[in-house]
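What follows is a set of notes on a single structure, which appears directly below.
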Ligand code: NAD
């Protein structure tokens, strides 16, 4: 489909009750193409009253969906997987238009994001339980799993499809109804997905999508309503803390996928070329706008100059441009504000003595582009060493010993991902245990896999998405006490 046809085909109303509808207020807001700064299309702007209507629908069908046989729920998820895969080009182009990433990466996200639907279609029919005899012979213990009930899924803009399917897949598989509040910058992908689900046979009311510019009020209204039973959030740690406090009111189940500051360690004994390849993936994939992005590249001093020179050569060769041009290696930053934050981190570090090896500036002209950048010699107190960069900036710090590397790596309130490169097996085993992170990459720069549990520790979050662990987030455990046999 060409761009005009695609944009004309995307539902731009709120999605609830199995169809696209305007907001009760009649208000809309613009979705902007970050590569041009131009408006793509306007979408309905949900109000708290719209959210209540979506929760009415989600509650009305909750029991029926929970009682739908697992095989039938699995069939709907599998049909949605097939439909997303069949429309991979449309989903990819839509993500490139609203989020900016290059088409090859959007295609990669379609594969990754759709896989959560297939994986959880397979998990839906394996929800188990257990039985046991009470040790004293006083009775029988039966343990069953039940869907938690209506869920709210709040997603960020950086992976417009996958951050949604990673929640919707397990929730529907478990028998929960879901309301999605997509990021305001990228609501189109979720709206298209909702339409695809309806075509795949999902009953009306089971899935709603509420784009809004007023997230705090819409979300607070839903979380105050006792019919909602769960909130699953992916986004910044700051907003995660607000939601955790709000969740306390009704003691909601929560899953929190929050910010990160992944250390990427390169030791003198690493395979240099593999380490540079890994750093390119861990840092520049998705334009650096990933929670798992290598935020601090820690390099042993013996290999530091060789590594930095090779990485700089690769980064300097990346062509910046609109994601739909095949020659572009890196697209725009999501919006002007985010680009300003990246520029401020780099500018402050440089003012304090850091060295720019390549890049280091916003690109003049339309859209929100920032040059792919390598900065070295970062002073101790530099903000860029502590805060999430969320952009195409490789920040290099040297170290001498393994102990120093571990201490530097763990010196953060975050604990999402960590990576290291070494050819020494003993060191690899020590590091895999010593690094305080929910996910560790050993000699590899990409770790996400729908079949593996994705999640952080410390202030990077609570719970896991994906793997056989992911569905547990949407299931309650019930113990049924039976008399002795
Ligand atoms: P954000 O926290 O600003 O927004 C995320 C979502 O929360 C959006 O939908 C937004 O509208 C909504 N929101 C914002 N304020 C809210 C409030 N007061 N009440 C209710 N909802 C609110 O994050 P972002 O800028 O969209 O995404 C970037 C962040 O997401 C980074 O910190 C990144 O590390 C994190 N992230 C984490 C993971 C993970 O799996 N751990 C994955 C991707 C992104």
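Within region 409-437, if we keep just the residues that are touching a strand residue (DSSP E or B) at 6+ places or on another chain (Cβ under 8 Å) and without any contact (Cβ under 8 Å) to a residue 24 or more places away in the chain, the residue that is surrounded by the fewest Cβ atoms within 10 Å (Cβ to Cβ) turns out to be 432.
Condition first: in a loop (DSSP other than H, G, I, E, B) and surrounded by fewer than 24 Cβ atoms within 10 Å (Cβ to Cβ). Can you find one or more residues in region 157-177 that meet it?
Taking region 157-177 and keeping what is in a loop (DSSP other than H, G, I, E, B), we get 157-161, 175-177.
In the following step, the residues that additionally are surrounded by fewer than 24 Cβ atoms within 10 Å (Cβ to Cβ) were identified as 157.
Among the residues of region 157-177, at least one is in a loop (DSSP other than H, G, I, E, B) and surrounded by fewer than 24 Cβ atoms within 10 Å (Cβ to Cβ), which makes the answer yes.
In this structure, does residue 104 turn out to be closer than 30 Å to residue 367 by Cα and part of a helix (DSSP H, G or I)? The answer is yes for residue 104. Which of the residues belonging to region 14-29 are without any contact (Cβ under 8 Å) to a residue 40 or more places away in the chain and in a loop (DSSP other than H, G, I, E, B)? Residues satisfying the conditions are 22, 23, 24, 25, 26, 27. If you check residue 46 against the conditions, is it at pLDDT 95 or above and either assigned to a helix (DSSP H, G or I) or surrounded by fewer than 22 Cβ atoms within 10 Å (Cβ to Cβ) (or both)? The answer is no for residue 46. Considered as a group, the residues in region 330-344 that are assigned to a helix (DSSP H, G or I) and either in the same structural domain as residue 102 (by the TED database) or away from the ligand (no atom under 12 Å from the Cβ) (or both) include one that is surrounded by the fewest Cβ atoms within 10 Å (Cβ to Cβ), and that residue is 344. Within region 437-469, being over 20 Å from residue 409 (Cα atoms) and more than 12 Å from the ligand (Cβ to nearest atom) holds for 449, 450, 451, 452, 467, 468, 469.
Quick check on residue 261: is it crowded, with 21+ Cβ neighbours inside 10 Å, within 19 Å of residue 458 (Cα to Cα) and in contact with a helix residue (DSSP H, G or I) (Cβ under 6 Å, 6 or more places away or on another chain)? So residue 261 fails the test.
Here is a yes/no grid of residues against (1) over 30 Å from residue 333 (Cα atoms); (2) out of contact with any strand residue (DSSP E or B) (no Cβ under 7 Å at 6 or more places or on another chain):
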| site | (1), (2) |
| --- | --- |
| 107 | no, yes |
| 117 | no, yes |
| 124 | yes, yes |
| 129 | yes, no |
| 136 | yes, yes |
| 144 | yes, no |
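When region 264-279 is filtered for residues that are touching a helix residue (DSSP H, G or I) at 6+ places or on another chain (Cβ under 8 Å) and buried (at least 18 other Cβ atoms within 10 Å of the Cβ), the ones remaining, listed by number, are 264, 265, 266, 267, 270, 275, 276, 279. Each residue in region 216-243 was checked for being surrounded by fewer than 18 Cβ atoms within 10 Å (Cβ to Cβ) and within 18 Å of the chain's Cα centre (by Cα), and 3 of them qualify. Within region 298-309, the set of residues being under 15 Å from residue 372 (Cα atoms) and crowded, with 18+ Cβ neighbours inside 10 Å comprises 308 only.
Evaluating residue 137 against the criteria (1) part of a loop (DSSP other than H, G, I, E, B); (2) under 23 Å from residue 240 (Cα atoms) leaves one unmet condition, (2). Note on region 402-440: residues that are out of contact with any helix residue (DSSP H, G or I) (no Cβ under 7 Å at 6 or more places or on another chain) and assigned to a strand (DSSP E or B) amount to 4.
Is it the case that some residue within region 270-287 is within 15 Å of the ligand (Cβ to nearest atom) and farther than 30 Å from residue 401 by Cβ? Walk me through it before giving the result.
Step one: filter region 270-287 for residues within 15 Å of the ligand (Cβ to nearest atom), giving 282-283, 285-287.
Narrowing further to those that are farther than 30 Å from residue 401 by Cβ: 286-287.
Yes, some residue in region 270-287 is within 15 Å of the ligand (Cβ to nearest atom) and farther than 30 Å from residue 401 by Cβ.
Of the residues 63, 56, 82, 75, which is in the same structural domain as residue 154 (by the TED database), within 24 Å of the chain's Cα centre (by Cα) and surrounded by fewer than 18 Cβ atoms within 10 Å (Cβ to Cβ)?
Details: 63 fails: within 24 Å of the chain's Cα centre (by Cα); 56 fails: within 24 Å of the chain's Cα centre (by Cα); 75 fails: within 24 Å of the chain's Cα centre (by Cα).
Of 63, 56, 82, 75, the one residue that is in the same structural domain as residue 154 (by the TED database), within 24 Å of the chain's Cα centre (by Cα) and surrounded by fewer than 18 Cβ atoms within 10 Å (Cβ to Cβ) is 82.
Among the residues that make up region 195-207, is at least one of them within 14 Å of the ligand (Cβ to nearest atom) and surrounded by fewer than 24 Cβ atoms within 10 Å (Cβ to Cβ)? Lay out the reasoning, then the answer.
Of the residues in region 195-207, the ones within 14 Å of the ligand (Cβ to nearest atom) are none.
Within region 195-207, not a single residue is within 14 Å of the ligand (Cβ to nearest atom) and surrounded by fewer than 24 Cβ atoms within 10 Å (Cβ to Cβ).
Mind checking which residues of region 144-156 are assigned to a loop (DSSP other than H, G, I, E, B) and away from the ligand (no atom under 16 Å from the Cβ)? Let's see the steps before the verdict.
Of the residues in region 144-156, the ones assigned to a loop (DSSP other than H, G, I, E, B) are 148-150, 155-156.
Passing the criteria: 148, 149, 150.
Take the residues of region 157-167 that are closer than 15 Å to residue 124 by Cα and touching a strand residue (DSSP E or B) at 6+ places or on another chain (Cβ under 6 Å): which is farthest from the ligand (Cβ to nearest atom)? Please lay out each step first, then the result.
Here is the first cut: in region 157-167, the ones closer than 15 Å to residue 124 by Cα are 165-167.
From the residues that got through so far, the ones that are touching a strand residue (DSSP E or B) at 6+ places or on another chain (Cβ under 6 Å) too are 166-167.
On the way: 166: 8, 167: 10 Å.
So the residue we want is 167.
Here the condition is being without any contact (Cβ under 8 Å) to a residue 24 or more places away in the chain and over 30 Å from residue 6 (Cβ atoms); of 360, 353, 365, it holds for 360 alone.
Being closer than 30 Å to residue 103 by Cβ, in contact with a strand residue (DSSP E or B) (Cβ under 9 Å, 6 or more places away or on another chain), surrounded by fewer than 17 Cβ atoms within 10 Å (Cβ to Cβ) and in the same structural domain as residue 313 (by the TED database) holds for only one residue in 357, 361, and it is 361.
Inside region 221-245, can you point out the residues that are over 18 Å from residue 178 (Cβ atoms) and either within 8 Å of the ligand (Cβ to nearest atom) or not assigned by the TED database to the domain that holds residue 148 (or both)?
Pass one, region 221-245, residues over 18 Å from residue 178 (Cβ atoms): 224, 236-242, 244-245.
Passing the criteria: 236, 237, 238, 239, 240, 242.
The single residue among 381, 445, 398, 391 that is part of a strand (DSSP E or B) and in contact (Cβ under 8 Å) with a residue 24 or more places away in the chain turns out to be 398. Given the condition assigned to a strand (DSSP E or B) and either in the same structural domain as residue 366 (by the TED database) or under 23 Å from residue 258 (Cα atoms) (or both), answer yes or no: does some residue in region 301-317 qualify? No: zero hits.
The values are calculated or read from the model by the stated rules, or taken from the named source; none is laboratory data. Worth saying up front: this structure is predicted, and the values here are computed from it rather than measured. Cβ coordinates were reconstructed from backbone atoms using ideal geometry, including for glycine residues, and neighbour counts include every protein chain displayed.
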